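Visitor: Got a structure here, written out as structure tokens. Questions coming.
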Amino acid sequence: MRTMCRSGAGRKLMASLLCTLSVAACGPAPEPTKPEEAPPATGTTGQPVVYGTDNRTDVYAHTNATLRARAEQSTVALMSPSDFTVNSAGNVTFNAPTLGSAYGLCSNQRFLNDLTPAFCSGTLIDDDLVLTAGHCITSASACSSTRVVFNFYRTSATGMKAVTSADIFSCQSIVVRKQESSPLNLDYAIIKLDRAATPRFVPAPIRAGNAPLAVGSKVTVIGSGSGIPFKIDDGGSVRNARASTLDFFVASTDTFGGNSGSGVYENTDYTVAGILVRGETDYVANGSCDIVNTCTETGCRGEDITYVRPAVSAYCLVAGSLRLCGTTNPPPTTTFAFTATNTNNATQNTTDKTVTLAAGQTLQFGTCTLTGASGTGDTYLRLVNSAGTSVANNDDSCSLLSFVSYTAPTAGTYTMRAGCYSSNSCSGTVAYVIQ
Ligand SMILES: [Ca+2]
Ligand SMILES: [Ca+2]
């Protein structure tokens, strides 16, 4: 199993291996692997995977005007600054090997001459907000070194849309992010851009509600599989809706490393239903070169797609948005102050606050992120259940300050414990909100 992103700058040559054979190379993965650990080199290269027909279509060639609009107006590629050059006139050229050479593909494969600068994909969902996978941007420093590129698509078989500096944005901050396999298997991030992308670009609408997708329903993914210019694949079907957890669903999308973070749309109304995060091996050896791994519609493992609703709900707990939350104000928070010393990572000498949660309710609390939160020193926050078992904790969500988001799997009382890192002294105001 692989995560669907490619390597960052400086690891370009390993791109095909990094995200196919090792989730670690794409930053902390859903599974507990060592971040940034170089994967073992093997003779196998990473590949895209196709289910049934290869439905990947260039934007100009797609027959559906709404999907073309989503690609042209709402889809972004995530790149490192070294992946492109901006000249004095503001015109952008991309620095990356072709798909054929990057992946050692056989000459009969598609899109051989496409360049491969993107390491992940994303979707504009508000004026200055982009939805992507949590493993695509794992830290504030990763945010700082990520560029968000619009207009990365073909206008003809040989032509590319002209990209200028006006189409390139920086990641200013990670607003919400989750990458965990328990209690729910979630992998999402919503990042804030350095400036509004509207009205030049248009946010994609988000699927209403939180109902499971119907098994067999058709979905479309748009993004930069294997790093190449946006492709539209409208031929995927939902294979497993995971209706009991609603954390991710499994579909037969023709998606590859680099599609990580791609918006996945319902074909009924082309709203964003999910975020592409993991999938089957992309490419397989065929003699001395590689070809796309082809599966039947029901074969192989399927591609994993995080439902969009947990990301939007988490966002709306900490910030406002008329488009996403129906209000420009985040919900009001409750606060409690603390001063502490020698808490051994909030396991002793803490200031505690107990709350009651219903199953499925989310508690967010922090010395940062939420309205009214603050802290001095190196804070540490922990959440324990009624049995006294630690169920969540955070040290340094924002520099030295802390933030926890926890969705209760079962109803019960939970106690927030406010303390400091190690034997340190610190103080702060913990803000919390339950939804
Ligand atoms: Ca297909
Ligand atoms: Ca801390």
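Visitor: So if each residue of separation counts as 0.36 nm, and I subtract the Cα-Cα distance between GLN172 and ALA337, what length gain in nm does that give?
Guide: 56.5 nm
Visitor: So if I take the centroid of the Cα atoms in the range 48-86 and the same for the range 133-189, what is the distance between those two points in Å?
Guide: 13
Visitor: Using 0.36 nm times the number of residues separating ASN240 and ASP352, minus their current alpha carbon distance, what extension gain do you get?
Guide: Details: separation 112, 0.36 × 112 = 40.32 nm, distance 4.08 nm.
Answer, rounded to one decimal: 36.2 nm.
Visitor: Based on the mean of other beta carbon atoms within 10 Å per residue, what is the order of 121-130, 151-160, most packed first?
Guide: 121-130, 151-160
Visitor: Using amide H atoms built in the peptide plane, which far-off residues or other-chain residues are under 5 Å from ASN286 H to H?
Guide: Here ILE291 satisfy the definition.
Visitor: Nearest 0.05, what FRET efficiency do ASP396 and THR362 give at R0 = 22 Å with Cβ-Cβ as r?
Guide: So, using R0 = 22 Å, E works out to roughly 0.55.
Visitor: OK, next. Using a 10 Å cut-off on Cβ atoms, rank the peptides 243-255, 172-184 from the highest mean neighbour count down.
Guide: For the peptides 243-255, 172-184, the packing ranking is 243-255, 172-184.
Visitor: At a Förster radius of 22 Å, what calculated FRET efficiency corresponds to the Cβ-Cβ distance of SER139 and SER182, to the nearest 0.05?
Guide: Using R0 = 22 Å, I get an efficiency of 0.55.
Visitor: Starting from 0.36 nm per residue, how many nanometres of slack lie between THR413 and ASN95 once their C-alpha separation is accounted for?
Guide: Fully extending the segment from THR413 to ASN95 adds 109.1 nm.
Visitor: Per the Kirkwood formula on distinct C-alpha pairs, the Rh of the range 334-434 is how many angstrom? If you can, show how the numbers build up before the last one.
Guide: Numbers: mean 1/r = 0.0777 Å⁻¹.
12.9 Å is the Kirkwood radius here.
Visitor: For THR155 and ASP194, what does the FRET efficiency come to when R0 = 22 Å and r is the distance between their Cβ atoms, rounded to the nearest 0.05? Mind dumping the intermediate values first?
Guide: Working: r = 27 Å, r/R0 = 1.21.
Rounded to the nearest 0.05, the efficiency is 0.25.
Visitor: Can you give the helix-only mean residue ellipticity at 222 nm for the chain, where every DSSP H stretch with n ≥ 4 adds -39500 (n - 2.57) and the sum goes over all residues, rounded to the nearest 500 deg cm²/dmol?
Guide: -2500 deg cm²/dmol
Visitor: I would also like to ask the following. Taking the Cα-to-Cβ direction at SER386 and at ASP269 and moving 7 Å from each Cα, how far apart do the two end points lie in nm?
Guide: 3.9
Visitor: Where Lys and Arg each count +1 and Asp and Glu each count -1, what net charge lies around ALA346 among other residues with Cβ under 14 Å from its Cβ?
Guide: -1
Visitor: Determine the distance separating the Cα centre of the range 407-434 from the Cα centre of the range 309-330; give it in Å without decimals.
Guide: Cα centres, the range 407-434 to the range 309-330: 22 Å.
Visitor: Let me spell out the model: positive unit charges on the Cβ of Lys and Arg, negative unit charges on the Cβ of Asp and Glu, origin at the Cα centre of the chain. What dipole size does that give, in debye rounded to 20?
Guide: 280
Read-outs throughout are calculated quantities, based only on the coordinates presented, and are distinct from any laboratory measurement. Only a predicted model underlies this, so the values are computations on that prediction, with no experimental measurement involved. All Cβ positions, glycine included, derive from the backbone under ideal geometry; neighbour counts span all protein chains shown.
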